[in-house]
Amino acid sequence: MALRKFTAVRNIAIFAGVLAACLLAPAVVRHYTGKAFEEFRAPLDAIPSQLNDLEKFWDLRMNYSKSELIEVGRDLARLNAGYAIKLTENEALKSRVESLEKILSLPGEEKFKMEVARVARRDINAWWQHLIIRKGAAHGIREGYAVIYGGGVVGRVVKANTYTSVVELVSSRGFRMAAHFLGEDRPVIYQGAGSLSFQDARGEVRDVPADLKASTLKPLQLVTSPLAGSFPDGILIGDVIDLTLEPDGIFRSGTVRLPRTLGGVREVAVLIPVSDLMEE
Amino acid sequence: MFRKFDIRIPFLLALNLLYVFIISTVNSELAPYVCLMLPAVFIVAPALFLGFGGMLFVVGVTAFFAEATTPVRTGMTAFVWLLAAFWIHGWRYRFKTLDSLGIMGVSQAANLVIILVFAVFMKGDGAGFMQYALRLGADMLASAAVLAFCAKFTVSLPVSIMGALGLDITVSEGD
């Protein structure tokens, strides 16, 4: 009887101690514990993504005949040849721009280097909207770096672990940036609309000059502004399909329809500022 | 707890980590439309089958693995999960027969309470309270529907695997 009482009291004391440690441990202990578990957890995010790649490889190998694969390879080779020509043109244009900048003593334009990364996991719920990508601090990625993809803006890096990074999506409520409309110089503010149930991702645009109008038939394209700092100019954010006048009568605000492909993005590019690379 | 090695502790921890892997993968594919929140899956089996210390260890470690990237203070998730595990562990004798209805009931109750606690403590991502409530409601409904199917499975699976290895695993008798 006494032993059972002792066991019960011991258990409750251990439990209370563990709860107190979870809640009240010093910030330093919590920081390093959190970081340690994040690094241990990183393979749990990266492994399914890598298994997916392996599955695609075997799917191609088993389910497509040699001639089908040869045809696809041939089409890709034609596409690559086209891109190689465009790359050569690009290089020629770049060197022309550099020589003109030298003659006119203008500052250089190239500000970012791209680090391509695979998306390991999407974590979108009522509290946050994050992507976990398979590259981290070991690849030069730091917090605050911009992330884009073929369809436009993806978001911003909010945490860079050693081999993985957490990206806050452009549709997240906490994501805000300066933007402008294509063909317009005047800056506007873009902010994500946050988690929506069973709807495509959306955002909001504010401080739009009153003379601008948008509709579903004639949407305005919203692009990044150099005022944002971490983003270069002109990357697509989304389409603005409606603008309504604010009560002050000076500005308009509206809804931004984000690209549908944002929800299924598999590869992204992290923009690393060239100045940070030169410092290292 | 340390007098003899209890194989059930690493076994249930390994099962829990597999569940973390599976649920993360499923949520990644279902995003952004719905998110399955199933903390009960990680809590009920360890609370029923393990002694007090083993349950603390398995649920605590799993909480840190499952929520290592949460915006809540590190440790808050472990705190809530451990409270739920403690409650279930105290009532484990009521579920000695491991009947489907009882297991599903306790899993649904624990899941609902944990999510509601997080809903109170965590700042929502929605544009307003209505959007937050709608999104949370949709996620909770989907999670409850999935849990209705998998609650009994997550408790019978360790029993089946241990039975196949020639070991008996039942509701823990003492601490």
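We did not get these values from a lab; they are worked out from the coordinates using the rules stated. Nothing here was measured: the structure is a model prediction, and the numbers come from that model. Every residue, glycine among them, receives a Cβ derived from its backbone with ideal geometry; neighbour counts consider all protein chains shown.
Just tell me which lysines come within less than 20 Å, Cα to Cα, of A:Lys56; anything on the same chain fewer than 8 places away is out.
A:Lys66
Provide the net charge surrounding A:Asp239, with neighbours chosen by a C-beta distance below 12 Å and charges set as Lys +1, Arg +1, Asp -1, Glu -1.
Residues close to A:Asp239 contribute a combined charge of +2.
Taking chain A as a Gaussian network, where each spring joins two C-alpha atoms under 10 Å apart, which residue of A:Ile141, A:Ile85, A:Ile250 fluctuates the most?
So, out of A:Ile141, A:Ile85, A:Ile250, the one fluctuating most is A:Ile85.
For A:Gln129, enumerate residues with amide H under 5 Å from its amide H, sequence gap 5+ or separate chain, H modeled in the peptide plane.
Correct list: A:Leu169.
Can you work out the FRET efficiency for the pair A:Met114 and A:Arg74, with r the C-beta to C-beta distance and R0 = 35 Å, to the nearest 0.05?
Efficiency at R0 = 35 Å is approximately 0.80.
Would you work out which of B:Met130, B:Thr154, B:Val117 lies farthest towards the positive end of the dipole of region B:107-175, given +1 charges on the beta-carbon of Lys and Arg and -1 on that of Asp and Glu, about the Cα centre?
B:Met130
Give the relative contact order (percent, whole number) for chain A; include only Cα pairs under 8 Å separated by 6+ residues. Don't jump to the answer; show the numbers that get you there.
Numbers: 459 pairs, mean separation 44.8, N = 280.
Normalised by residue count, the contact order of chain A is 16 percent.
Is there a quick way to get the dipole size of region A:126-276? I mean about its Cα centre, with the Cβ of Lys and Arg at +1 and of Asp and Glu at -1; what is the value in debye to the nearest 20?
500 debye
So, counting K/R as plus one and D/E as minus one, what does the shell of residues with Cβ under 13 Å around A:Lys213 add up to?
-1
By the gyration tensor of its Cα atoms, with a ≥ b ≥ c the square roots of the eigenvalues, what is the shape of region A:108-225: rounded for a/c under 1.5, prolate for a/b over b/c, or oblate?
In terms of gyration-tensor shape, oblate.
Counting only residues 5 or more places away or on other chains, whose amide H sits under 5 Å from the amide H of A:Val158 once H atoms are built in the peptide plane?
Long-range HN contacts for A:Val158: A:Gly144, A:Val166, A:Val167, A:Glu168.
I'd like to know which of A:Gly174, A:Gly144, A:Phe198 lies farthest towards the positive end of the charge dipole of region A:127-280, counting +1 on Cβ of Lys and Arg and -1 on Cβ of Asp and Glu.
A:Phe198
Using the crude model of +1 on Lys and Arg Cβ and -1 on Asp and Glu Cβ, and no other charge, please compute the dipole size for the protein assembly as shown relative to its Cα centre, in debye to 20. Show your work: numbers first, answer last.
Values: 46 positive and 43 negative charges, 289 e Å.
For this selection, approximately 1380 debye.
Of A:Thr216, A:Thr162, A:Thr261, which has the largest mean-square fluctuation in a 10 Å C-alpha GNM of chain A?
A:Thr216
Any chance you could give the angle, 0 to 90 degrees and rounded to 10, that helix A:2-24 forms with the longest Cα principal axis of chain A?
The answer is roughly 20 degrees.
Enumerate the calculated ³J(HN,Hα) couplings along region A:68-78 in order (Karplus 6.51 cos²θ - 1.76 cosθ + 1.60, θ = phi - 60°), each rounded to whole Hz, writing x wherever the residue is Gly or Pro.
5, 5, 5, 4, 4, x, 5, 4, 5, 4, 5
As a test of the formula, what do you get for chain B when each DSSP H run with n ≥ 4 contributes -39,500 (n - 2.57) and the sum is divided by the residue count, at 222 nm and rounded to the nearest 500 deg cm²/dmol?
-24000 deg cm²/dmol
Take peptide A:188-195, look around each residue's Cβ out to 10 angstrom, count Cβ atoms belonging to other protein chains, and average those counts.
4
What longest region of chain A stays clear of chymotrypsin sites (Phe, Trp or Tyr not before Pro) that DSSP places outside H, G, I, E and B and that have at most 14 other Cβ atoms within 10 Å?
A:65-197
Give, in nm to one decimal, the length gained when the segment between A:Asp211 and A:Leu104 is fully stretched (0.36 nm per residue of separation minus the Cα-Cα distance).
Answer, rounded to one decimal: 34.9 nm.
What residue among B:Gly75, B:Gly105, B:Gly128 has the largest mean-square fluctuation in a Gaussian network model of chain B, using Cα springs under 10 Å?
Largest GNM mean-square fluctuation: B:Gly128.
Below 12 angstrom from the Cβ of A:Val270, what's the summed charge of the other residues (Lys, Arg +1; Asp, Glu -1)?
Net local charge, A:Val270 excluded: +2.
Tell me what chain A gives for mean residue ellipticity at 222 nm when only DSSP H runs of n ≥ 4 count, each as -39,500 (n - 2.57), the sum divided by the residue total, rounded to 500 deg cm²/dmol.
One gets -13500 deg cm²/dmol as the mean residue ellipticity at 222 nm.
Can you work out the Karplus-derived ³J(HN,Hα) for every residue in region B:32-43? Use 6.51 cos²θ - 1.76 cosθ + 1.60 with θ = phi - 60°, whole Hz, and x for glycine or proline.
Per residue, the Karplus-derived 3J(HN,Hα) values read x, 7, 8, 10, 8, 10, 10, x, 4, 4, 8, 9 Hz.
Just how large is the dipole of region B:1-124 about the Cα centre, in debye to the nearest 20, putting +1 at every Lys and Arg Cβ and -1 at every Asp and Glu Cβ? Present the calculation step by step, with values, prior to reporting the outcome.
On the way: 8 positive and 4 negative charges, 82 e Å.
So the magnitude is around 400 debye.
As I understand it, the dipole of the protein assembly as shown uses +1 on the Cβ of Lys and Arg and -1 on the Cβ of Asp and Glu, about the Cα centre. Which of B:Phe11, B:Asn27, A:Ser99 lies farthest toward its positive end?
B:Phe11
Please compute the contact order of region A:178-280 in relative form: average sequence separation of alpha-carbon pairs under 8 Å and at least six residues apart, divided by the residue count, as a percent.
25 percent.
Each label point is 7 Å from the Cα along the Cα-to-Cβ direction; what then is the distance between the points at B:Leu98 and B:Leu141, in nm?
That separation, rounded to one decimal, is 3.4 nm.
What translational diffusion coefficient, to the nearest whole µm²/s, does chain A have by Stokes-Einstein, given a Kirkwood radius computed over alpha-carbon pairs, a temperature of 20 °C and 1.002 mPa s viscosity?
The diffusion coefficient I find is 95 µm²/s.
Taking Cα pairs under 8 Å and at least six residues apart, what relative contact order does region B:8-164 come out at, in percent? It would help to have the intermediate numbers written out before the result.
Details: 132 pairs, mean separation 48.0, N = 157.
After rounding, I find 31 percent.
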